[in-house]
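Here is the structure we will look at, set down as structure tokens.
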Amino acid sequence: MKVLVLAPKSRYDAYRPDTPAARAAELIFCDREGTEAEWLAAGADADALFVTPVTPITAGLIAQMPNLKLIHSEGVGFDRIDLDAAAARGIYVCNNAGCNAAAVAELSVTLMSMLLHRVLWGDRMVRQGQQAEAVRLIERDIPADLSVSTVGLVGFGAIGQAVARRLRPYGSRVVYFAPHRRDPETEAELGVRYLPLEELAAQSDIVSLHLPANAASRHLVDGAFLARMKPGAFLVNTARGAIVDDGAVCEALRSGCLGGMAADCYEPEPAGAEHPLVRLAQELPDKLILCPHFGGIARSAFREAHRMLFEDLERVMAGQRPERVVNGL
């Protein structure tokens, strides 16, 4: 089976599992930043397509790959793939839900702590030779830490639950909202409480986003949501940039209604110098932590992701339905 891979070859050299499907597959590598014409020149006859979560896979590209049976995201996101066009052709679209949960959860909690402890501001003060002044100022306005903070998780899939597990030793009060409430046993095991979205916004010292990008979640964090949050509360987005209304967030940060934000994703990506959050970071350098969408880039995540990729490919090679279908086939 021929697989067109729009991702770095070095990654597959390092993490490709030693399984029959992985050994048998013919992998054709192309630059993920290339054009559709370049991809088609290399692998128009491919049976499967492996792509990064931010690679756009259009209806036009799908239409020109007659043998295509599987499109598989290397990560959790699949919103850049035309699901309807694939479904119309009977092509499975799959993702690797949960593959990077541990890594993204670790980054999420790290960013929460950095915001609470004003790490960027402290770093700047020390670099400027103002350590003593920084200590004097922080003692006048002593920050909260995770042990006395309420953390609201918006979305409670694999990553949201992994965040809850990591927060438990800190003693944080953890509440969550999800389209489907979890069973009482899961809530008790993770030490969380369900709240409607409006109540979560009002009660949380930190709101952390863990939803997929879709029509329902687009700009969920808008001006109305931010107005419900506690004055000075923090926002962490390690999910998808489309969930946040950047204009409303910038306004809330400038006014002080929002105490700070940490982001690992943007709309659109890659975020250029003119992106609203990038521009605002020049104006408010201590209130914004901007990461390059690397929360899921970790050895454990890539090992698990490649296991899932080739497991689903093996099922397709055998004429079976893959396990991780996201386009309803």
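Scanning the stretch 272-307 for residues that are assigned to a loop (DSSP other than H, G, I, E, B) and more than 15 Å from the chain's Cα centre (by Cα), which turns out nearest to ARG16 (Cα to Cα)?
If we filter the stretch 272-307 for residues that are assigned to a loop (DSSP other than H, G, I, E, B), which is where we start, we get 272-275, 284-287, 291-298.
Those still in the list that are more than 15 Å from the chain's Cα centre (by Cα) too: 272-275, 284-287.
Details: GLY272: 32, ALA273: 35, GLU274: 37, HIS275: 36, LEU284: 43, PRO285: 40, ASP286: 41, LYS287: 40 Å.
So the residue we want is GLY272.
Filter the stretch 92-101 down to the residues that are crowded, with 23+ Cβ neighbours inside 10 Å and among the aliphatic types (A, V, I, L, M) and list them by number.
Residues satisfying the conditions are VAL93, ALA101.
Which number in (1) touching a residue at least 60 places away in the same chain (Cβ under 8 Å); (2) touching a strand residue (DSSP E or B) at 6+ places or on another chain (Cβ under 8 Å) marks the one condition that ALA281 misses?
Of (1) touching a residue at least 60 places away in the same chain (Cβ under 8 Å); (2) touching a strand residue (DSSP E or B) at 6+ places or on another chain (Cβ under 8 Å), only one is false for ALA281: (1).
When PHE156 is evaluated against the numbered criteria (1) in a helix (DSSP H, G or I); (2) open to solvent by less than 20 Å² (accessible area, probe 1.4 Å), which criterion, by number, is the only one it fails?
Evaluating PHE156 over (1) in a helix (DSSP H, G or I); (2) open to solvent by less than 20 Å² (accessible area, probe 1.4 Å) leaves (1) as the failure.
For the stretch 179-202, indicate whether the set of residues that are modelled with pLDDT of 95 or more, among the hydrophobic types (A, V, I, L, M, F, W, C) and under 30 Å from GLU74 (Cβ atoms) is non-empty.
Yes: the stretch 179-202 contains one or more residues that are modelled with pLDDT of 95 or more, among the hydrophobic types (A, V, I, L, M, F, W, C) and under 30 Å from GLU74 (Cβ atoms).
List pairs: first residue in the stretch 257-277 and closer than 13 Å to ALA242 by Cα, second residue of a type in the set (D, E, K, R) and assigned to a loop (DSSP other than H, G, I, E, B) anywhere in the structure, Cβ distance under 7 angstrom, at least six positions apart or on different chains.
CYS265/ARG240
The values are calculated or read from the model by the stated rules, or taken from the named source; none is laboratory data. Note that the structure is predicted; figures quoted are calculated from it, not measured. Every residue, glycine as well, gets a Cβ built from its backbone with ideal geometry; the counts of neighbours run over all protein chains shown. All accessible areas refer to the heavy atoms of the entire protein, side chains included, with ligands and DNA or RNA removed. Shrake-Rupley method; radii C 1.70, N 1.55, O 1.52, S 1.80 Å.
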